[in-house]
Every structure is written in C-alpha cells, then in structure tokens.
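A.B. asks: Take this structure first; my questions come after.
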Amino acid sequence: MRNPVWQFVLVASVWFTVDHHWLHADGGRVCWSGISSSYRLTVFAEPVPLRQGPIDLSLFVQDSQELTPVSHVEATFAIIPPDSTTPLLEAKATRANATSPLFQAAQFKVPITGRWQVKLVVTEPDGSFFSATFPLEVAPPQAPAWSMAFWIALPVVPISWFVIRQLVHSIALHRSQDARS
Amino acid sequence: MAADWQAFWTSWQFDAWLTLVLVLTAGVYLRGWLRLRQRGARRFDGWRLAAFILGLTTVGMALQSPVEPFSSLLLQMHMLQHVLLMFVAPPLLWLADPELPLLIGLPKFFRQRLATPLLRDPLVRWVTSLLAHPVVALGLFIIAGWGWHLPAFYQLALASETWHRVEHASFFLAALVFWRVVIAPYPSRATMSRWAMLPYLLVAGLQGTVFSGLLTFSDRLFYPHYGTVPRLWNITPLDDQAIAGALMWLCGSIAYLLALAWVATELWNESPQPQAAGGHPHPLPGTLDPIRQQTAARIARLRTRKKKTSQPSPEVWDLLNVRFVGTLLKSKTFRPTLQTVMFLLAALIVIDGLWGPQATSLNLAGVTPWIHWRGLLVIGLVVAGNVFCMACPFTLPRALAKHLFRTDWNWPNWLRSKWLAVALLIVFFWAYEAFALWDSPWWTAWIVVGYFAASFAVDGLFRGAAFCKYVCPIGQFNFVQSLCSPLQVAVRDANVCHTCDTKDCIRGGPQGSGCNMELFQPQKTGNLDCTFCLDCVQACPHENVGMLAFVESSQLTGGALSSQNGRWYRRTDVAALLTILASAAFVNAAWMVEPVVRLEEQVRAELPSISRSMFVAIGMILSLAVIPAGIILAVAAVSRWWSNSKRGVVETATRFAIVLVPLALGMWTAHYTFHLFTSAGTLWAAGTRVLSDYHLATFGDVALACACCGDVASWILPLEIVCLDIGLCGSLYVAYRIACPGHNLSWAVVKAWTPWAVLSVTLFAAGIWIFFQPMQMRGTMVLGG
C-alpha cells in the first residue's frame, strides 16, 4: 500500500461501502393504469409481488393523445389500510426518488398485509387536479431467513468449489498412483 | 427537444459498485499494459488498450446509460442492452489480450498470494480448459441466449431486479466464454484447428437467425410485460418486438461476419515459421517469446527460493516495511505513547464510572468499554492482529511495579497453564450477566481498577509477563481470536536465525529486552500468547522479525510447535480455553435475545428459591463448560469411531477443538460490530455529557438523541451473516486440514471430518437464529425489540 493510488482505492472502497445509496427502482409491475381528461397515467409498484414492508410506487404520466411523457404535473400518493377509509400514509411523488426522469416515485413502509387502497392525486400547474383510487394487494412479508437466503447460502459456493477441487485433486492423485504401480 | 427524448437523455444512472469495478479493472489493465510496454512487448500497442477501455465502456453504457431504465418500457431497448453485453463488449475485451496485462497489473501481493495460486489450481485449470472447448463454449452461449429469452424466465427478470442482474451476468459471462474461443487472445492457445471456427460461427449465426426471426415475424407477443407498460413513441408492443428481433439479427450477423473475417484473415496469413512476440498470436510450443522467457525465469527463481526454506520468503508482505507505518511501529516510543493514550482513556472511564451519573448511555464507563472498545477490538483482530494487547494500558505500570517490588519470582509451575484463565473467563462471563456489568458504570470502573491492581501485583512480583500469559482473560481472548488474524509477528528469513548466536529475540540484548512471553521467534508459528509488543522486533540485531501477512503457518491446522506453548493439540488447557471462548461467543449473544430472556424468566419463575446470580452461575457453568465439553467429547468419539482412529477421545477432542475458533470469531465480530454500528453515537452523548459537566459544552437534544438506539440499518444483518459465513468456511477448512494433514483425500478423512462439519454447521445455524431474534440494545436508552 505504498503507492498513493492504492491508498486512494482503499479509501474510495471504504467510502463506497459506507456511503453508497442503492438506486431507486422504477420498475416492478403495472398496478394501475387510467386516463384522466388529458393524461394517461400508469402506476408501477415494486417489489413484485408486493409485500408488507418497504414498497415503491412510481407514476408515469403521458399525454393521452400523443403519448409523450408529461413532466409538469405534481402527484401525491396516499395509502389507505384495509377496513379503513382514512389514509394512513401520504407522500409526494418526486423525480428525485426515481431513477428515470420519466417517473415520479414515492416510497412507503406498509405495516400490515391485506387489500390496501391507493389514492392518487395529480395536480396540474393551474391548480386543477385529478384523483383516482385503486386497490393494492399486499402479501405477508417473507420469512426473515428467506429474505436473507442469499447471504445465508453464500458459503455453499466456496465449499462446493473446495469439495470439487479436492475431488479432482484426489482422482488425479489416485490415477498417477495407479499408473506408477 | 421533445419531452420523451429529453427524459431519455437525462436518464443516466450511477451505480457506484459497477463504476468502481470498471475503473479498477481499467486501472489494473493500464498498469500491466505499461509494464509490458516497458519490457519491450511490442504486441501490446495502443489499439489494444483502446479496445479494452472501449469494451469496459460498452459494459458501463449497457448498464448505466438511459438504455437501462428504458429497457423495462421497450423490448428493443432491452435487446440493445443484450446486444452490447453479448456482441460488442466481449470481443473488444478479448481483442485487448487482457490476461497478461491484468495479471501483471495486479499489486504484487494480490498477484503472488491470490491470482497465481488460483491460476495454478488444478480445478481452475480444468474448468478453464473445459470452457475453452468450442463445443462447451457454444453450448453455454446458446443455452444462455435461448434460456433467458423463454417468456417465463424473461418475465422473471423483468419483475425482479436481482434476477435481472443474474440474467445480464450470465449473458456477459457466456459471451466472454464464446468469444474467447473465436479470438483466442494471447497467450492462450486454441484447442482445435482455427478451421473449426467456421462451423462454430456458422452454428452460432444460424441459431441467432432462428431466434431473431421468431421475434421479428411472430404475430404473438412473447413477453406480456411489454403489453402492460405505457407505450412510448406510439410504438405498439408487436412493432417493438419486431424491432427488437431485427436489432438482434442485424447486430448478431455483423458480429459473426466480422469474426469470420478475422478468422479467415488469420488462416490466410498463417505462416509455418514462428515469429517473435508481437508478430504471431500463437507461438508454437517450445519457442518462448521474451515475455514468456521472463515469466519462466521469474517462476524458476521463486521455485528455487521456496526450496531453500519453508519460512516466509521476503516476498511476504510485511507491515513493518510500509513507509511511515513501519517506522512508527518500530519506534521505541510508539507503544508507550499508545499505552499512555489508552491509560488516560481508562482513567477517564474510571473517574466517570465512579463519580459520574449512573445513567449507562450517558456515562463513559457505560458505553465506551462495552460498545466502542469491544467493537474496535474485534475489527482490529479481523483486519490486523492483536492490536489491543499492543496498546494495553494495564501493562504500563509493569516497570514501576518491578522497580517497587524488586522481586523476581518464577510463576508457580502448577499455574503454568491456561486453567486459571479459563476459570477467570467463566467468572467474568457469569459476572457480566449476573450483575449486568454492561448496565453499571460503577462496576465497570471497578473492573478497570481491579485489572490495573492485578496486573501491577502479578507483574511486580513475578518474572516476565505472567499476568498476560496466565491470568488476563482479555489477553486470552485476543490470543485465541488472533489465530485467525492476517498479521503475525514472525521471522522474515529462517536462514538468518540459523546463523544467529545471541538469540536476542528471547534473551534480550543491547537493542531491547527480549520477549516477556517467552516466545522464541524461530520456533513461533502462530499468534497464541503473542501480545504484538514488538519487543522481539526491536531486540533482533538482524532486523529479521516483521509483522507478516498471511504467513503459511500451521497455527490453525495443528502439528507445529508454537514456541513455548508446546504442541497445542496435546494440551487440554488450551483446548478448554478454545472451547470456552467458542461457546461464550454464542451464549453471550444468545443471552440478550428475547426468546432466551423469556426462557430465563420462565425457569426462574419455576425456581423462586434460587437467586438470579446463582441461576446465572448454574447457567454459565452448564452452557460454557459442561455442555460444550460434553458435545466436543461426543463429536470426538463419533469422529474417532467412524474413522477408526487410534487416538483417544480426549486427544481427538483436544486436537479438533481449534476448529471452532473461526466460527467463534465470526460470531464475536457479528455481535460486537452490531453494537458498535447501532450505538456508536452513544460516545458523542456520553462525551458531551462529560464536557457539559465541566461547562465545556452544552448537552442538547442532539446528544440526547445519540444516546438512544436508532433503527438498525438494512446492511447490518447481511454483514452479520457474512461474518458467520466466513467463520463457517474457516471452521470447515480447519477441520478438513486437521482430518487430512497429508492432503490425501480418503473415506477415513471424510468420516473424521464429517462430525466436526455437522457441529460447525449446527453452530452456524444457531448463530443465524440468534441474528433473527429481537435483541436488547444494551448500552442505549431504549431496551427491547
């Protein structure tokens, strides 16, 4: 590590590890699509399937005639729990939360499973607004161990590699011994 | 510009990890390329460097450009991404002949310690030769292409970010394998005649045409996802699919045609006479070009050096050779300075613990030792070695004590073992739980004071460092866990020691006192009992002792002497120490999770006559000593019986007890770093409180908030699991090496190893279970869940 380049690499690696923010996803599955007076609205939800816990709702607004993306409207999502009519959480969808400037995204932490309602309010620059409500089925959360399955199963890779390596080595050794005898 | 195009061009992404990998790869290639150029390798000219950089840029473009976000909306964008990963980036990368520059461009340590052994590994060579076979390469390429484009798998990749990454990785890797056969980059040799490339490329082109034709001309939408997403640019899903097919057809055909032209030109220019490096891409066997000659000479030199001695060669990375750090470590004032700093910190902890408020999270004695010091201690062990003993403040008054007492007694023979330390460790873990030491600054302060008093008395009365070697529980913890540490204080060149008459490293000499722990460097093979005091480094007149990284010693796998320790696998006291510390790693963590706390409450409710301290004492003796000893002996008995070993049960158990050390270190690291990362802010809270007591700062809401436990960051659980993963791999490997010292795999070895592997996996599962339980956030203001 005498070379300053490698020192920089080390520092950069630490920085990346500590400060790295994962990309927000705008993908997932289309959970609602509709047409207002002059817009075509499409809402994506992630993860697929939706589960209790953090979720991502992304809105894509297009001109209903030309199908060109529209960026001058503001949108707010409110999520209403099952068996309730009052929104529990509300968040403004922003482009900063989205990976692509085509989308406006908002993140929520859904506390319980069941059939939630999502209220979408789209406001135009002149103050007029359009709202729509659609259901959102939220499945129970994955078992904690399952959500960490990748990390738990990680040793399988080096162990398998080592076992195969030893077998190959052992077979080669036995063959050479047989040949000698 | 239209809004959609504006959105497209502003949809660049930045994935820090991918960028880091690409930049690092480019840097390594550039370094190797420059070195090869300096050595006169003419074949590595500018266009190869350009091809490599362009290949990496293409990968970056495919995964970070607007193509990526738009790939979920348009199939043609997704197909463009695949084309870049399969037909553009891999050939460009192989045209750069990257293998040699990447190897030479690696830092020396990585090249010699990781890359070279890996490339020499028989399995790696076998896999590489298998993948170089045209049939295998073509098969993989076709399977990856067709498999992932089956609607079910394609939909899966579109729905899940993880599978999407797996899809891209498999495309890229399969394409790398495929194009390597076509381009046959230097210095690889083709396994078949170059004429075989003609049918190879023909078959690849044919299957690509069939697939592209299906996409282009079908009137059925293959991937329903694209039928549900909003349409851009008024393109219908079927048109989008047709364009995607045409794109693949066109780009694939161009790539195959160019490859055919490349191969044809090669065959056309093929000359029967071998040429010098740079002139011919495939030198004939027996005709070494300058690079090969240099490499062969270097390998020969290394082999000769290895034959001379089994000790670390000068090629081993030595921390003491690092500029500034090495000078600092070797300085005679470094350790006393470090110890003084730690002494002052300990004094602060004692003062605050005894006279400060007894609010754990606001008292230095309540947070510093139990959250910060323990966390940093295990990090130090994992990344370096026994750095705490190096900075230990308890040994600072040793010289004063020796001066005051003026006695030089020998440590009693009957105490010259680890049994006393084992007993003290059990007492400590009992006291920790029974009196909730972590929740009592007052008790914590008295423990520190007691430590100073014990160290002062023992080292003042007895010769050497008896306290460190036979008494100190913290020292024993560090000695055992540092068996897995990367650094080791060891001799640089064994030949120098053979000619040394003075043995100053143990006896002491004009340059410094010898080892107080009675470790003789030429015989020392591990970190057991080594305090990293570096007295031997200073005493050695030949400057032949260093802090070496990854020394190939048998410290974990048994057999060798460890200086004055004797053969550890014959010492039941060492085995007991290893067992206690391994079981304590799990018991200590388990005792703070909700189900265990609830179980304790239930059992105590059933036994009201037993006090809590008595209950904890019984629990600790059972869980740290009796049950682990029983399990270890039972596993040893099974291992011995199954493998028909002639060793006794106790000897087998003693021999294999060290297997649990890596797993235990994984557990300790996961546990202590959990507290460090979740409650690091308590230092700010307690520090501000102390300063505010002396009117040097204001204790506000921010500091108070730091005293509370916050949300556990999402990366902490994976980090904990990875710690245990590494521990499990280490334990399984150590068990294998002990079962199979001669590297000759047999059924007897498997039978001897399997019981220990089962035990390791069971402990791993127990550790995972503990991680998933609600844990007490000890040392912070809020308890529970």
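The values are calculated or read from the model by the stated rules, or taken from the named source; none is laboratory data. Quick caveat: nothing in here was measured; it's all calculated off a predicted structure. Every residue, glycine as well, gets a Cβ built from its backbone with ideal geometry; the counts of neighbours run over all protein chains shown.
A.B. asks: Checking residue B:158 against (1) assigned to a helix (DSSP H, G or I); (2) surrounded by fewer than 15 Cβ atoms within 10 Å (Cβ to Cβ), which test does it fail?
C.D. replies: (2)
A.B. asks: Answer with yes or no whether residue B:537 is crowded, with 24+ Cβ neighbours inside 10 Å, modelled with pLDDT of 85 or more and of a type in the set (Val, Ile, Thr).
C.D. replies: On the way: crowded, with 24+ Cβ neighbours inside 10 Å: no; modelled with pLDDT of 85 or more: yes; of a type in the set (Val, Ile, Thr): yes.
Taking the combined requirement at face value, the residue does not satisfy it.
A.B. asks: Let me ask something else. Taking the options A:33, A:37, A:58, A:71, name whichever one is in a strand (DSSP E or B), surrounded by fewer than 21 Cβ atoms within 10 Å (Cβ to Cβ) and not charged (D, E, K, R). If you could, list the steps in order and put the result at the bottom.
C.D. replies: Values: A:37 fails: in a strand (DSSP E or B); A:58 fails: surrounded by fewer than 21 Cβ atoms within 10 Å (Cβ to Cβ); A:71 fails: in a strand (DSSP E or B).
Result: A:33 is the single residue among A:33, A:37, A:58, A:71 that is in a strand (DSSP E or B), surrounded by fewer than 21 Cβ atoms within 10 Å (Cβ to Cβ) and not charged (D, E, K, R).
A.B. asks: A further question on this structure: In the stretch B:456-482, which residues are within 31 Å of the chain's Cα centre (by Cα), crowded, with 23+ Cβ neighbours inside 10 Å and aliphatic (A, V, I, L, M)?
C.D. replies: B:480
A.B. asks: Mind checking which residues of the stretch A:32-63 are polar (S, T, N, Q) and away from chain B (no Cβ under 11 Å)? Show your work before the answer.
C.D. replies: Pass one, the stretch A:32-63, residues polar (S, T, N, Q): A:33, A:36-38, A:42, A:52, A:58, A:62.
Those that are polar (S, T, N, Q) and away from chain B (no Cβ under 11 Å): A:36, A:37, A:38, A:52.
A.B. asks: Something else: Regarding the stretch B:65-85, can at least one residue be identified that is more than 30 Å from residue B:322 (Cβ to Cβ), in contact with a Cys (Cβ under 6 Å, 6 or more places away or on another chain) and in contact (Cβ under 8 Å) with a residue 12 or more places away in the chain?
C.D. replies: Of all residues in the stretch B:65-85, those more than 30 Å from residue B:322 (Cβ to Cβ) come to B:65-85.
Those left that are additionally in contact with a Cys (Cβ under 6 Å, 6 or more places away or on another chain): B:83.
Then drop every residue that is not in contact (Cβ under 8 Å) with a residue 12 or more places away in the chain, which leaves B:83.
Scanning the stretch B:65-85, I find at least one residue that is more than 30 Å from residue B:322 (Cβ to Cβ), in contact with a Cys (Cβ under 6 Å, 6 or more places away or on another chain) and in contact (Cβ under 8 Å) with a residue 12 or more places away in the chain, so the answer is yes.
A.B. asks: Which is among the aliphatic types (A, V, I, L, M), in contact with a helix residue (DSSP H, G or I) (Cβ under 7 Å, 6 or more places away or on another chain), crowded, with 17+ Cβ neighbours inside 10 Å and within 14 Å of chain A (Cβ to nearest Cβ), of B:74, B:56? Working first, answer last.
C.D. replies: Working: B:56 fails: within 14 Å of chain A (Cβ to nearest Cβ).
None of the other options fit; the residue is B:74.
A.B. asks: What number of residues within the stretch B:208-241 satisfy the criterion of being away from chain A (no Cβ under 14 Å), in a loop (DSSP other than H, G, I, E, B) and within 45 Å of the chain's Cα centre (by Cα)?
C.D. replies: 1
A.B. asks: Identify the residue in the stretch A:81-115 that is away from chain B (no Cβ under 14 Å) and hydroxyl-bearing (Ser, Thr, Tyr) and, among all such residues, is nearest to residue A:40 (Cα to Cα).
C.D. replies: Of the stretch A:81-115, the ones away from chain B (no Cβ under 14 Å) are A:81-94, A:106, A:108, A:110-115.
In the following step, the residues that additionally are hydroxyl-bearing (Ser, Thr, Tyr) were identified as A:84-86, A:94, A:113.
Numbers: A:84: 28, A:85: 26, A:86: 26, A:94: 18, A:113: 29 Å.
Filtering the stretch A:81-115 for residues that are away from chain B (no Cβ under 14 Å) and hydroxyl-bearing (Ser, Thr, Tyr), the one nearest to residue A:40 (Cα to Cα) comes out as A:94.
A.B. asks: Here's a follow-up. Please give the number of the condition residue B:26 fails out of (1) away from every other protein chain (no Cβ under 14 Å); (2) at pLDDT 85 or above; (3) surrounded by fewer than 22 Cβ atoms within 10 Å (Cβ to Cβ); (4) in contact with a Phe, Trp or Tyr (Cβ under 9 Å, 6 or more places away or on another chain).
C.D. replies: Failing condition for residue B:26: (1).
A.B. asks: Considering only the stretch B:341-396, state which residues are among the aromatic types (Phe, Trp, Tyr) and either within 20 Å of residue B:671 (Cβ to Cβ) or in a helix (DSSP H, G or I) (or both).
C.D. replies: Restricting attention to the stretch B:341-396, the residues satisfying the condition of being among the aromatic types (Phe, Trp, Tyr) are B:343, B:355, B:370, B:373, B:388, B:394.
If the condition is that a residue be among the aromatic types (Phe, Trp, Tyr) and either within 20 Å of residue B:671 (Cβ to Cβ) or in a helix (DSSP H, G or I) (or both), then B:343, B:355, B:370, B:373, B:388 are the ones that fit.
A.B. asks: Follow-up. Does residue B:170 qualify as being free of Cβ contacts under 8 Å to residues at least 60 places away in the same chain, more than 14 Å from chain A (Cβ to nearest Cβ) and either of a type outside the set (A, V, I, L, M, F, W, C) or surrounded by fewer than 20 Cβ atoms within 10 Å (Cβ to Cβ) (or both)?
C.D. replies: Values: free of Cβ contacts under 8 Å to residues at least 60 places away in the same chain: yes; more than 14 Å from chain A (Cβ to nearest Cβ): yes; either of a type outside the set (A, V, I, L, M, F, W, C) or surrounded by fewer than 20 Cβ atoms within 10 Å (Cβ to Cβ) (or both): yes.
Yes; evaluated as a whole, the condition is true for this residue.
A.B. asks: Still on this structure, I have one more. For the stretch B:725-749, which residues satisfy the criterion of being within 9 Å of chain A (Cβ to nearest Cβ) and at pLDDT 85 or above? I'd like the intermediate steps shown before the answer.
C.D. replies: Quick first cut of the stretch B:725-749, residues within 9 Å of chain A (Cβ to nearest Cβ) only: B:725-726, B:728-729, B:732-733, B:736, B:740, B:743-746.
Listed by number, the residues that qualify are B:725, B:726, B:728, B:729, B:732, B:733, B:736.
A.B. asks: A further question on this structure: Filter the stretch B:29-50 down to residues that are hydrophobic (A, V, I, L, M, F, W, C) and surrounded by fewer than 18 Cβ atoms within 10 Å (Cβ to Cβ) and give me whichever is farthest from residue B:10 (Cα to Cα). Please lay out each step first, then the result.
C.D. replies: Residues of the stretch B:29-50 that are hydrophobic (A, V, I, L, M, F, W, C), as a first pass: B:30, B:33-34, B:36, B:41, B:44, B:47, B:49-50.
Of the ones still in play, those that are also surrounded by fewer than 18 Cβ atoms within 10 Å (Cβ to Cβ) are B:30, B:34, B:47, B:50.
Working: B:30: 31, B:34: 36, B:47: 31, B:50: 27 Å.
Checked the stretch B:29-50; the qualifying residue farthest from residue B:10 (Cα to Cα) is B:34.
A.B. asks: Okay, next question. Kindly establish whether residue A:138 is more than 17 Å from the chain's Cα centre (by Cα) and surrounded by 15 or more Cβ atoms within 10 Å (Cβ to Cβ).
C.D. replies: Working: more than 17 Å from the chain's Cα centre (by Cα): no; surrounded by 15 or more Cβ atoms within 10 Å (Cβ to Cβ): yes.
So residue A:138 does not fit the description; no.
A.B. asks: Among the residues of the stretch B:507-537, write down those that are of a type in the set (Gly, Ala, Ser) and part of a loop (DSSP other than H, G, I, E, B). Steps first, please.
C.D. replies: Taking the stretch B:507-537 and keeping what is of a type in the set (Gly, Ala, Ser), we get B:508-509, B:512-514, B:526.
B:508, B:513, B:514, B:526, listed by residue number.
A.B. asks: Now for a different question. Among helices (runs of 4 or more DSSP H) lying entirely in the stretch B:404-499, which contain 2 or more residues that are in contact with a Pro (Cβ under 9 Å, 6 or more places away or on another chain)? Don't jump to the end; show me each part of the working.
C.D. replies: On the way: elements: B:419-434, B:441-461, B:473-481, B:494-498.
Helices (runs of 4 or more DSSP H) meeting the threshold: B:419-434, B:441-461, B:494-498.
A.B. asks: Now a separate question. Of the residues B:283, B:314, only one is surrounded by 15 or more Cβ atoms within 10 Å (Cβ to Cβ) and either at pLDDT below 80 or in a loop (DSSP other than H, G, I, E, B) (or both); which? Step through it out loud before you land on a result.
C.D. replies: Working: B:314 fails: surrounded by 15 or more Cβ atoms within 10 Å (Cβ to Cβ).
Testing whether each residue is surrounded by 15 or more Cβ atoms within 10 Å (Cβ to Cβ) and either at pLDDT below 80 or in a loop (DSSP other than H, G, I, E, B) (or both) leaves just B:283.
A.B. asks: Taking the residues in the stretch B:1-23 that are among the aliphatic types (A, V, I, L, M) and at the interface with another protein chain (Cβ under 7 Å from one of its Cβ atoms) as candidates, determine which candidate is nearest to residue B:74 (Cα to Cα).
C.D. replies: Initially, the stretch B:1-23 is screened for residues among the aliphatic types (A, V, I, L, M), giving B:1-3, B:7, B:16, B:18, B:20-23.
Going one step further and asking which of them are at the interface with another protein chain (Cβ under 7 Å from one of its Cβ atoms), we end up with B:2-3, B:7, B:16, B:20.
On the way: B:2: 18, B:3: 17, B:7: 14, B:16: 25, B:20: 28 Å.
The selected residue is B:7.
A.B. asks: How many residues are modelled with pLDDT under 85 and acidic (Asp, Glu) when one looks only at the stretch A:51-85?
C.D. replies: Here the count works out to 3.
A.B. asks: Oh, and also: Can you find even one residue in the stretch A:161-175 that is surrounded by fewer than 14 Cβ atoms within 10 Å (Cβ to Cβ), under 16 Å from residue A:51 (Cβ atoms) and among the charged types (D, E, K, R)?
C.D. replies: Checked the stretch A:161-175: no residue is surrounded by fewer than 14 Cβ atoms within 10 Å (Cβ to Cβ), under 16 Å from residue A:51 (Cβ atoms) and among the charged types (D, E, K, R).
A.B. asks: Within the stretch B:95-117, does at least one residue satisfy the condition of being within 14 Å of chain A (Cβ to nearest Cβ) and among the acidic types (Asp, Glu)?
C.D. replies: There is no residue in the stretch B:95-117 that is within 14 Å of chain A (Cβ to nearest Cβ) and among the acidic types (Asp, Glu).
A.B. asks: Still on this structure: Would you mention how many residues in the stretch B:84-107 are under 30 Å from the mean Cα position of the chain (by Cα), outside any helix (DSSP H, G or I) and among the hydrophobic types (A, V, I, L, M, F, W, C)?
C.D. replies: 1
A.B. asks: List pairs: first in the stretch B:676-697 and part of a loop (DSSP other than H, G, I, E, B), second of a type in the set (Ser, Thr, Tyr), Cβ under 6 Å, 6+ apart or cross-chain?
C.D. replies: B:697/B:688
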